[in-house]
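Only one structure is covered here, and it is reproduced in the block below.
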Protein chains: 2
Amino acid sequence: MPKQVDYASRRRRIAEAVCLLADEQGPEGVSMRDVAARAEVSLGAVQRCFRTKEEMLLFAVEHIGERVMERVRARLGASPAQSAATALGHAAEEVALLREDHRTEARIWLVFVARACVSASLAAPLRRSYAALEGLLVRLVTEAAESGPGVGSAMPPHVVREARTLLALTDGLTSHVLVGHLTTEQAEDVLHAHLTGLWERLGVTTAS
Amino acid sequence: MPKQVDYASRRRRIAEAVCLLADEQGPEGVSMRDVAARAEVSLGAVQRCFRTKEEMLLFAVEHIGERVMERVRARLGASPAQSAATALGHAAEEVALLREDHRTEARIWLVFVARACVSASLAAPLRRSYAALEGLLVRLVTEAAESGPGVGSAMPPHVVREARTLLALTDGLTSHVLVGHLTTEQAEDVLHAHLTGLWERLGVTTAS
DNA sequence: CCGTAAGCGATACAGTCGTATCGGAAAAAG
DNA sequence: CTTTTTCCGATACGACTGTATCGCTTACGG
């Protein structure tokens with residue numbers, strides 16, 4: 001057999017290039033040729049990794065979803081114990097891709113969301129990512145509620161609602177920052193105020 | 001002078017076609033030829049109305065922004081007096097384009113937002129629309145707060161923060177519905193819960 | 001009544017798109 | 001060594017893109 005190649009890593013490399021291009025050139029700027037050039041491979045190589053462009057984008061959106069999720073988990077692992085409430089705060093900060101160094105991921109995310117409204121196949125992995133994030137937030141909210149004085153703890157439906165509220169709020173804030181309607185500071189201010197209110201609602205006693 | 005034509009109305013007609021196409025074909029589906037066909041005019045006619053495609057999209061995004069804003073105002077005018085709180089509720093419902101008949105506008109909005117992250121010229125009118133919506137919400141929140149028992153009324157910074165929270169939340173919910181992460185009912189549930197909390201915070205006494 | 005200019009739609013153009021194809025380089029297997 | 005199989009990058013192709021150009025029609029101003 002001839003030259004063997006690590007397809008998995010090449011696909012990842014190409015997905016990275018897709019994200020970079022989607023970020024700096026917008027949705028229309030992502031052509032197979034540009035992706036190939038950005039990934040420093042030939043057009044043929046890209047075609048061998050992905051039969052079609054749609055397939056490539058699909059892989060890229062899964063890639064980004066995993067990256068965000070993984071970063072949130074890493075942030076949680078970094079500050080291990082502490083209070084469940086601050087953990088939730090950190091997670092929310094990470095999900096809302098507000099800081100400049102995550103702006104790229106935020107733009108890519110938005111590009112894919114816009115595209116997914118039309119292409120059902122693109123929507124599926126996006127839904128999976130949202131579901132995973134929601135699940136994580138539900139877990140964190142639950143833990144935060146339990147750590148409080150626990151008036152009996154909020155009943156589950158409220159918890160899910162709070163998680164969804166938080167997820168939608170962070171997503172909205174992110175896009176508002178991206179279009180320039182809000183500054184990063186303003187968005188963080190809104191997010192922190194919401195979290196403070198959430199803690200009060202849960203009956204959490206927080207130090208900071 | 002020869003034949004005179006009503007450019008204003010034609011531009012509006014073309015903008016309408018842009019929106020329809022952006023909705024059903026996505027961002028990539030909006031080509032000059034398709035727009036011309038959808039608007040039932042010749043390609044040349046489109047070119048005479050808008051020197052360039054960018055210019056056409058710019059007009060279309062302004063058009064959509066005005067339409068949404070106008071609809072919110074119409075809704076407020078329809079239920080004139082009542083309480084300031086229910087007015088705020090109606091406005092929020094209208095801003096979050098949740099109902100099926102507004103789904104189209106929501107998709108178009110998202111397409112433009114995604115594009116605006118890259119093209120600065122597209123971002124400008126979008127920012128104006130957001131600013132107008134935020135202004136409206138600030139006004140409604142203020143009125144709702146004043147109509148309450150008025151412990152001294154919430155101080156302005158809080159009002160702005162609440163308005164921004166509401167705007168970001170509605171935007172986030174809208175996109176989550178569009179990608180299918182939430183159903184319309186779930187999103188409405190989240191929105192209503194948030195509004196209830198907001199009223200409590202403002203000290204508003206609401207009948208319903 | 002005629003010239004002039006605004007509007008018309010068709011066509012041309014150069015470029016880019018996604019995809020298909022193909023001859024040759026390269027490396028494991030015999 | 002030769003054979004065989006996998007991968008390579010270049011090129012080809014047709015469709016479509018945004019924009020420019022160009023006669024022709026049309027209707028008002030003089």
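Observations, loosely collected:
- Exclusive hit being surrounded by fewer than 20 Cβ atoms within 10 Å (Cβ to Cβ), assigned to a helix (DSSP H, G or I) and touching a residue at least 12 places away in the same chain (Cβ under 8 Å), set B:Glu93, B:Glu55, B:Glu70: B:Glu93
- Filter result (in contact with a Lys or Arg (Cβ under 9 Å, 6 or more places away or on another chain) and either surrounded by fewer than 14 Cβ atoms within 10 Å (Cβ to Cβ) or aromatic (Phe, Trp, Tyr) (or both)) within the range B:6-42: B:Tyr7, B:Glu24, B:Glu28, B:Ser31, B:Glu40
- Matching residues in the range A:42-52 - criterion: being in a loop (DSSP other than H, G, I, E, B) and either closer than 18 Å to A:Lys3 by Cβ or free of Cβ contacts under 8 Å to residues at least 12 places away in the same chain (or both): A:Ser42, A:Arg51, A:Thr52
- The set of residues in the range A:1-41 that are within 14 Å of chain B (Cβ to nearest Cβ) and free of Cβ contacts under 8 Å to residues at least 12 places away in the same chain comprises A:Glu24, A:Gln25, A:Glu28, A:Gly29, A:Ser31.
- Selection count where residues are under 16 Å from B:His158 (Cβ atoms) and outside any helix (DSSP H, G or I), scope the range A:183-206: 0
- Any hit, the range A:42-56, residues being more than 14 Å from every other protein chain (Cβ to nearest Cβ), among the acidic types (Asp, Glu) and within 13 Å of DNA strand C (Cβ to nearest atom): yes
- Which numbered condition A:Ala131 misses (of (1) closer than 21 Å to A:Val179 by Cβ; (2) among the aliphatic types (A, V, I, L, M); (3) at the interface with chain B (Cβ under 9 Å from one of its Cβ atoms); (4) assigned to a helix (DSSP H, G or I)): (1)
- Selected residue [under 12 Å from the mean Cα position of the chain (by Cα) and modelled with pLDDT of 90 or more] from B:Arg139, B:Arg103, B:Arg128, B:Arg164: B:Arg128
- Taken over the range B:1-35, residues that are near DNA strand D (Cβ under 9 Å from one of its atoms), of a type in the set (A, V, I, L, M, F, W, C) and modelled with pLDDT of 95 or more amount to 2.
- The listed residue being more than 13 Å from A:Arg13 (Cα to Cα) and within 16 Å of DNA strand D (Cβ to nearest atom), out of A:Arg38, A:Arg48, A:Arg71, A:Arg75: A:Arg48
The values are calculated or read from the model by the stated rules, or taken from the named source; none is laboratory data. Every value quoted in this text rests on a predicted model; they were computed, and no experiment measured them. Because the Cβ atoms are built from the backbone with ideal geometry, glycine has one as well, and the counts that use them run over all protein chains shown.
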